[in-house]
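Here the structure comes first, spelled out in structure tokens, and everything after it is commentary.
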Amino acid sequence: MYRNEPLEKYIKDAAAGTPTPGGGSVAALVGALATTMASMSTNFTVGKEKFKQYDAQLKRILEEFAKSRETLLSAMEEDIAVYGKVSSAYTLPKSTDAEKKARSDAIQQACTIAMEVPLKTTMCCLYVLELARELVDIANPNLISDVGVAGLLAEAALRCAKLNVEINLAALKNQSLVEKVHSEITQAEKKAKTFAKEVQERVMAKIKGQ
């Protein structure tokens, strides 16, 4: 859908008074942007004689950033689709007890699915941060600020995605699922904070050391 459209269209639609693209989709897009800056830094490092000893590692990292970017771009569009199902569920009739039950069941199912997309975004962004932490020590120092940008964007995207997980969890009645997912995203946020801090500290150390 949007990935083949002009960027201006996405931004215009995201700003409009319509439900989608919403926060979950935007979070995934920001995560994808994080991978672009990380990939650019890697591309300016791999194959260079000065960093030859890291070539295999850099190629693996580059491939993982590309896979993560694809996952996040897909999530950007998936989030729009699943939110449509949530909206449809809330518009179902609720005049009779049978209709109320059918509507409630539909809402639960739709919100569960809607929660899974930003959850995937959250975990993917955590992985991007982990890769950035690995990259920061071996990247071309001329591109080190872009590694820092990647880290900041990935952490922001993760926190935004987590919010969208939380709002869907709030609608769910399955408490065991709610507790399980809440624990997962809380741990992911803690790890992300640590990874992001390490990336920024190493980036700044390299900038000041130049």
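Derivation of every value follows stated rules applied to the coordinates shown; laboratory data play no part. Not measured: the values here are computed from a predicted model. Here the Cβ is made from the backbone with ideal geometry for all residues, glycine too, and neighbour counts use every protein chain on show.
Couple of notes before you dig in:
- The listed residue being surrounded by fewer than 18 Cβ atoms within 10 Å (Cβ to Cβ) and either assigned to a helix (DSSP H, G or I) or at positive phi (or both), out of Leu153, Leu126, Leu163, Leu158: Leu163
- When region 182-200 is filtered for residues that are surrounded by 12 or more Cβ atoms within 10 Å (Cβ to Cβ) and more than 20 Å from Gly31 (Cα to Cα), only His182 remains.
- Yes/no for Asp105 being acidic (Asp, Glu), part of a helix (DSSP H, G or I) and surrounded by fewer than 16 Cβ atoms within 10 Å (Cβ to Cβ): yes
- Checking each residue in region 88-114 for being within 14 Å of Asn168 (Cα to Cα) and touching a helix residue (DSSP H, G or I) at 6+ places or on another chain (Cβ under 8 Å) picks out Ala89, Tyr90, Ala106, Ile107, Gln109, Ala110, Cys111, Thr112, Ile113, Ala114.
- Pairs with Cβ under 7 Å, 6+ apart, first in region 184-210 and closer than 17 Å to Glu130 by Cβ, second hydroxyl-bearing (Ser, Thr, Tyr) and surrounded by 16 or more Cβ atoms within 10 Å (Cβ to Cβ): Ile185/Thr122; Ala188/Thr122
- Close Cβ contacts (under 8 Å, 6 or more residues apart or on different chains) running from residues in region 1-29 that are free of Cβ contacts under 8 Å to residues at least 12 places away in the same chain to residues that are surrounded by 11 or more Cβ atoms within 10 Å (Cβ to Cβ) comprise Lys9/Tyr2; Asp13/Tyr2; Asp13/Thr20; Asp13/Pro21.
- Just so you know, in region 38-82 the residues that are among the small types (Gly, Ala, Ser) and farther than 29 Å from Met115 by Cα include one that is nearest to the chain's Cα centre (by Cα), and it is Ser41.
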